[in-house]
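K.L.:
Below is a structure I'd like to ask you about.
Bear in mind that the values in this text are calculations on the coordinates, not laboratory data. Everything quoted here is computed from the prediction, not taken from an experiment. Positions of Cβ are generated from backbone atoms using ideal geometry, with glycine treated the same way; all protein chains shown enter the neighbour counts.
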Amino acid sequence: MELKNTFIEGLILVRPRVFKDERGQFMETWNEKSFNEAVGKEVCFVQDNESISNKGVLRGLHFQTPPSAQGKLVKVSQGSILDVAIDLRTASPTYGLHFAVKLDAISNWQFWIPEGFAHGFLSLEDNTHVQYKCTSLYDHSCERSLIWNDSDLGINWGVESPQLSDKDMIAPEFAVFKSPF
C-alpha cells in the first residue's frame, strides 16, 4: 500500500498495490489491518455508498455532525472526479482550509477523509462511479452542508455552472457555520 500525506493533518491518499499481467489486473481495494496501520488508528466502516454521475455534476459539500459524524474512504471505479475536503475542526491550524485532488479509475488512489471534514466532488467524465466507505450510518438529523462556491472557501472547481441538487443550491455559507468539531 502506498500512502501520501497532505498538508492537512488526517487527510491521506492511499493506493493499493496493483498486480498487472496480460490478463488484466488485480488489486486488494480494502484491507482492514493495512488501512488501520496506515492511518494510525482503528477504523470501522459500517456503510458503503456508490454514486454514478455525468460530467459536470457536483455533489457536496456534505458532512454529518456528532454523534453520527462520518469518516469516508473514497475511490473511483470508473471515470474521474475532483475530490475536495474542508477542515471543520476548530482546534486545527488548517480550520477552514481545503485540499483538492483528482481521483480516477486509472491511478487507483483512494482518499481517506476522517470525521470533522466537509466533502464534495465534481464529476469530470460521464458515467463516473464513485464508491465510499463510511464510519457511521447515514443520519438525516445530523446531515449538514456548505455552499459549493463560497468565496471564503476559495475552491477552484474549474466550472461555473455545475449540475447541483436542490439542497446543494441552498446550502449555507461558511461564515454563518458554527462547527461542532
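K.L.:
State the number of residues belonging to the range 116-133 that are under 13 Å from the mean Cα position of the chain (by Cα) and surrounded by 19 or more Cβ atoms within 10 Å (Cβ to Cβ). Lay out the reasoning, then the answer.
P.N.:
Here is the first cut: in the range 116-133, the ones under 13 Å from the mean Cα position of the chain (by Cα) are 116-123, 130-133.
Right, trim to surrounded by 19 or more Cβ atoms within 10 Å (Cβ to Cβ) and you get 116-123, 130, 132-133.
Final tally of qualifying residues: 11.
K.L.:
Still on this structure, I have one more. Condition (residue is assigned to a loop (DSSP other than H, G, I, E, B), surrounded by fewer than 15 Cβ atoms within 10 Å (Cβ to Cβ) and out of contact with any helix residue (DSSP H, G or I) (no Cβ under 6 Å at 6 or more places or on another chain)) applied to the range 60-72: is it met by at least one residue?
P.N.:
Going through the range 60-72, the residues assigned to a loop (DSSP other than H, G, I, E, B) turn out to be 65-71.
The next check asks that each one be surrounded by fewer than 15 Cβ atoms within 10 Å (Cβ to Cβ); those that pass are 66-67.
This time we only want the ones that are out of contact with any helix residue (DSSP H, G or I) (no Cβ under 6 Å at 6 or more places or on another chain), so: 66-67.
Among the residues of the range 60-72, at least one is assigned to a loop (DSSP other than H, G, I, E, B), surrounded by fewer than 15 Cβ atoms within 10 Å (Cβ to Cβ) and out of contact with any helix residue (DSSP H, G or I) (no Cβ under 6 Å at 6 or more places or on another chain), which makes the answer yes.
K.L.:
Please return the ranges of strands (runs of 3 or more DSSP E) entirely within the range 112-156 where 2 or more residues are charged (D, E, K, R).
P.N.:
On the way: elements: 117-123, 128-134, 143-145.
Strands (runs of 3 or more DSSP E) meeting the threshold: 143-145.
K.L.:
A further question on this structure: Under 6 Å between Cβ atoms, at least 6 apart or on separate chains: pull out the pairs that start in the range 91-117 with a residue that is more than 20 Å from residue 69 (Cβ to Cβ) and touching a residue at least 60 places away in the same chain (Cβ under 8 Å) and end on any residue that is surrounded by 19 or more Cβ atoms within 10 Å (Cβ to Cβ) and among the charged types (D, E, K, R).
P.N.:
Taking only residues 6 or more apart or on different chains, the pairs are 101/83.
K.L.:
Kindly indicate whether residue 77 is within 23 Å of residue 17 (Cα to Cα), polar (S, T, N, Q) and either outside any loop (DSSP other than H, G, I, E, B) or out of contact with any Phe, Trp or Tyr (no Cβ under 9 Å at 6 or more places or on another chain) (or both). Before the answer, list the steps.
P.N.:
Details: within 23 Å of residue 17 (Cα to Cα): yes; polar (S, T, N, Q): yes; either outside any loop (DSSP other than H, G, I, E, B) or out of contact with any Phe, Trp or Tyr (no Cβ under 9 Å at 6 or more places or on another chain) (or both): yes.
Taking the combined requirement at face value, the residue satisfies it.
K.L.:
A further question follows. May I ask you to verify whether residue 87 is buried (at least 19 other Cβ atoms within 10 Å of the Cβ), free of Cβ contacts under 8 Å to residues at least 40 places away in the same chain, in contact with a Phe, Trp or Tyr (Cβ under 9 Å, 6 or more places away or on another chain) and closer than 27 Å to residue 141 by Cβ? Break it down stepwise before answering.
P.N.:
Numbers: buried (at least 19 other Cβ atoms within 10 Å of the Cβ): yes; free of Cβ contacts under 8 Å to residues at least 40 places away in the same chain: no; in contact with a Phe, Trp or Tyr (Cβ under 9 Å, 6 or more places away or on another chain): yes; closer than 27 Å to residue 141 by Cβ: yes.
Judged against the criteria, residue 87 is not a match.
K.L.:
Which members of the range 1-11 meet the condition of being out of contact with any Lys or Arg (no Cβ under 7 Å at 6 or more places or on another chain), hydrophobic (A, V, I, L, M, F, W, C) and under 18 Å from residue 42 (Cβ atoms)? Please lay out each step first, then the result.
P.N.:
In the first step, residues of the range 1-11 are kept if they are out of contact with any Lys or Arg (no Cβ under 7 Å at 6 or more places or on another chain); the result is 3-11.
Now restrict to residues that are hydrophobic (A, V, I, L, M, F, W, C): 3, 7-8, 11.
Passing the criteria: only 3.
K.L.:
Mind counting the residues in the range 141-180 that are surrounded by 11 or more Cβ atoms within 10 Å (Cβ to Cβ), free of Cβ contacts under 8 Å to residues at least 40 places away in the same chain and polar (S, T, N, Q)?
P.N.:
Qualifying residue count, the range 141-180: 1.
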